[in-house]
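Here's the structure we're looking at; comments come further down.
Throughout, read-outs are computed from the coordinates displayed, never taken from laboratory work. Since the model is a prediction, treat every value here as computed from it, not as a measurement. All Cβ positions, glycine included, derive from the backbone under ideal geometry; neighbour counts span all protein chains shown.
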Amino acid sequence: MGMLVEGTWKTGAFPKDDEGRFVRSSTTFRGRISEGGEHPPEAGRYHLYISWACPWAHRTAILRKTKGLEDAISLSSVDAFMGADGWTFSGDFPDPLFGTSHLRDVYTKADPEYTGRVTTPVLWDKETDSIVNNESREIIRMLDHEFGNLSNDTDFCPPDLEDEVERTLDEIYEPINNGVYRSGFAQTQSAYEEAVGELFDALDHWEDVLGNRRYLCGDRITEADWAMFTTLVRFDAVYHGHFKCNVRRIVDYPNLWGYVRDLYQYPGVADTVLLGEIKTHYYSSHESVNPTRIVPVGPEIDFSTPHNREKLG
């Protein structure tokens, strides 16, 4: 784990508080794509840097795919392995814009004095030579709403559901999306047990909710579902073992397991789920969690089996 300090790379341990709890740093670039603004929606103007392994970046890749923006917004991924130098590019995963070797070089092109973590996703504006935004929740909303005729008319946050979508995104973030990291990167037993307890309380809650509705906010897929999906689709392959989130697997939850398969089978989504990249990243990158860096062969997970959730809506 490392970060840039006034444009210079510094290595260090995972950030934690005095009780050993993992603390996630805030994102920094918070620009907006909008008509009439500094970053107007234009085909070919923007590039999305992601990691196929990263759940935060994965949600942006899903929105780009499902909104039909593949021709309008270019995309590339960093290498799955993240070592002391942070996210890097490689022969298989080159930087198509600048030919740089590290994602941190993209950050310092936007701000030579940047201080902060170097994370994915990154939405880059080719016209202004700057990072528009590196906050996944804001990027998916822009991909969902700001590209007009460049995208299809699917709306994952319609006006009548916006308040519920926002509330649900808030509800799943800390105990589930971030909860798996709080569990895996905890530095004390008490911090770990606190995070795992909150994680499985939340999973139990949504298991009950999804027994009566097809998706988190009702009978329509929303941004909240894609935010939940990118954590759950990694759960049994990575978080259950690597991050010690092993009270139950997702396949042990009838409703959550059917829900994950339902979303996986949405047109185009399966193409964005690269379990090989996901496992390689987590098991080989986190030496403090997995010192041998051995990547497990299993588990075998079939997301293509019938989910039978149509009956819920």
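Over the stretch 2-150, what is the percentage of antiparallel beta bridges among all DSSP beta bridges, to the nearest 5?
75
What's the center-to-center distance, using Cα atoms, between the stretch 212-233 and the stretch 150-185 in Å?
Their Cα centres are 8 Å away from one another.
Restricting things to alpha carbons, find the Rg to Rh ratio for the stretch 159-266 using the Kirkwood radius for Rh. Intermediate results must be reported in sequence, preceding the final value.
Working: Rg = 13.5 Å, Rh = 14.0 Å.
Ratio of gyration radius to Kirkwood radius: 0.97.
Calculated FRET efficiency, V295 and D160, Cβ-Cβ r, R0 41 Å, to nearest 0.05?
0.40
Treat each spin label as a single point 7 Å out from the Cα along the C-beta direction, and report the Y266 to L97 distance in nm.
Distance between the two pseudo-spin positions: 2.6 nm.
Which of K10/K244; K244/K279; K65/K244; K67/K109; K65/K311 have a Cα-Cα distance over 24 Å?
Violating the 24 Å Cα-Cα cut-off are K10/K244; K65/K244; K67/K109; K65/K311.
Can you give the FRET efficiency to the nearest 0.05 for E310 and S34, using r as the Cβ-Cβ distance and R₀ = 41 Å?
Values: r = 37 Å, r/R0 = 0.90.
Calculated transfer efficiency: 0.65.
With the cut-off at 1.5 for a/c, could you classify the chain from its C-alpha gyration tensor as rounded, prolate or oblate?
Since a/c reaches 1.5 but b/c is at least a/b, the shape of the chain is classed as oblate.
Run the simple label-point estimate for S130 and K109 please: 7 Å along Cα→C-beta, distance reported in nm.
1.6
Within the stretch 238-284, which chymotrypsin sites (Phe, Trp or Tyr not before Pro) sit in a loop by DSSP and count at most 14 neighbouring Cβ atoms inside 10 Å?
none
What is the stretch 92-200 by shape, rounded, prolate or oblate, if you read a ≥ b ≥ c off the alpha carbon gyration tensor as root eigenvalues and call it rounded for a/c under 1.5, prolate for a/b larger than b/c, and oblate otherwise?
Oblate, because a/c is 1.5 or more while a/b does not exceed b/c.
Using r as the Cβ-Cβ distance of N149 and S90, and R0 as 30 Å, what FRET efficiency do you calculate, to the nearest 0.05?
Here the calculated transfer efficiency is 0.25.
Which one, G211, H39, G12, projects farthest toward the positive side of the charge dipole computed for the chain from Cβ point charges (K/R +1, D/E -1)?
G12
Can you list which of the GluC sites (Glu not before Pro) found in the stretch 253-307 are DSSP loop residues with at most 14 other C-beta atoms within 10 Å?
Within the stretch 253-307, the qualifying GluC sites (Glu not before Pro) (loop, at most 14 other Cβ atoms within 10 Å) are E287, E300.
Output ³J(HN,Hα) for the stretch 141-149: one whole-Hz value per residue in order, computed from phi by the Karplus curve 6.51 cos²θ - 1.76 cosθ + 1.60 with θ = phi - 60°, and x for Gly and Pro.
My calculation for the stretch 141-149 gives 5, 5, 5, 6, 10, 9, 9, x, 6 Hz in order.
Could you work out how far apart the two model spin labels at M1 and S26 are, taking each label as a point 7 Å from the Cα in the direction of the beta carbon, and quote it in nm?
Once both label points are built, they end up 1.9 nm from each other.
Could you work out the relative contact order of the chain? I mean the mean sequence separation of Cα pairs under 8 Å and 6+ apart, divided by the number of residues, in percent.
20
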